[in-house]
Every structure is written in structure tokens, then in C-alpha cells.
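J.: Below is one structure. I have some questions about it.
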Amino acid sequence: MDVHKHHKATCHCGAVELSVLLPEGLKEPCRCDCSLCRRRGTVVVDVDLSNLSVVEGADALALYQFNTNTARHYFCKICGIHTHHQRRSNPKQYSINVGCLEDINPLQLGPIITFDGINHPSDRNGS
């Protein structure tokens, strides 16, 4: 499988379709242990904002923000699946839900690192 390509990403019901370019493949897939990610359990991989586009269903995407209201978490308002979020620690990147990538099974990736979202770097910097 060539992971250095454009991928189709969809929510569960198919209302939302994204095109995602992974120029470095599935580099450093991870989980986060912040209050939202811990409940969601999503494996994510990061891409620059320019490497994601909404192909269909922009009107089906809902936005959720909490705490500092910096990160922008997007999910399908029909089926509830989290597709991606604009990162708080690097707003120039999206974190993509690997489970939404049509041709990749996150359960087959092996061990996944966990990012310490409870002690977020932005909190330590006073932002």
C-alpha cells in the first residue's frame, strides 16, 4: 500500500468526504489523553492545512470547541464521527482521524504513542 498519496476519508454515513494528502505517509500516528480524545479514542495523524480539503458535506460538518476554544474539532452532525481537528498546539496543522481513511485500518498499525494532552504544551507556556 502506498501511503504517500491522496486518501479519501469519510465519516460513517458518507455525508462528509475529505481528500487528504499524506506526503510523509502515516508519520507518527498517535492518540491524545486530553478529556475529549480520551473519550473519543481516535488514532490521528497530522497534516498541514493545505493537505486536507472537504470534497463533499461541508454543510454536514459541525464544529466543537472547548476549554481555550483554540482547537477546532470537526465531526459529522448526521452520524457523529469525528473526522479531523485543527490542532491547538500547531494551528497550521490538522489531525486526521485515521479510522476515516478509506484504505487504512488503524487497528493494524501496531503500538500507538499517546500524546500528553492533559499537560498540554500550550498550558505550560501560559497560552
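J.: Can you report the principal axis dimensions of the chain using only the alpha carbons, biggest first, rounded to whole angstrom?
T.: Principal extents (Cα only, largest first): 39, 32, 26 Å.
J.: Could you work out the helix-only [θ] at 222 nm for the chain, with each DSSP H run of four or more residues adding -39,500 (n - 2.57) and the total divided by the number of residues, to the nearest 500 deg cm²/dmol? Could you put the intermediate results ahead of the total?
T.: Working: 2 runs with 10 residues, N = 127.
Result for the chain: -1500 deg cm²/dmol, rounded to the nearest 500.
J.: Okay, next question. List the relative contact order of the chain as a percent without decimals, with contacts defined as Cα pairs under 8 Å and 6+ residues apart. Could the numbers behind the result be given before it?
T.: On the way: 240 pairs, mean separation 35.9, N = 127.
Once divided by the residue count of the chain, the mean separation gives 28 percent.
J.: Using the Kirkwood radius built from alpha carbon pairs, what does the Stokes-Einstein equation give as D for region 35-75 at 25 °C and 0.890 mPa s, in µm² per second? Show your work: numbers first, answer last.
T.: On the way: Rh = 12.2 Å.
It diffuses with D of about 201 µm²/s by this estimate.
Throughout, read-outs are computed from the coordinates displayed, never taken from laboratory work. This is a predicted model, so every value here is computed, not measured.
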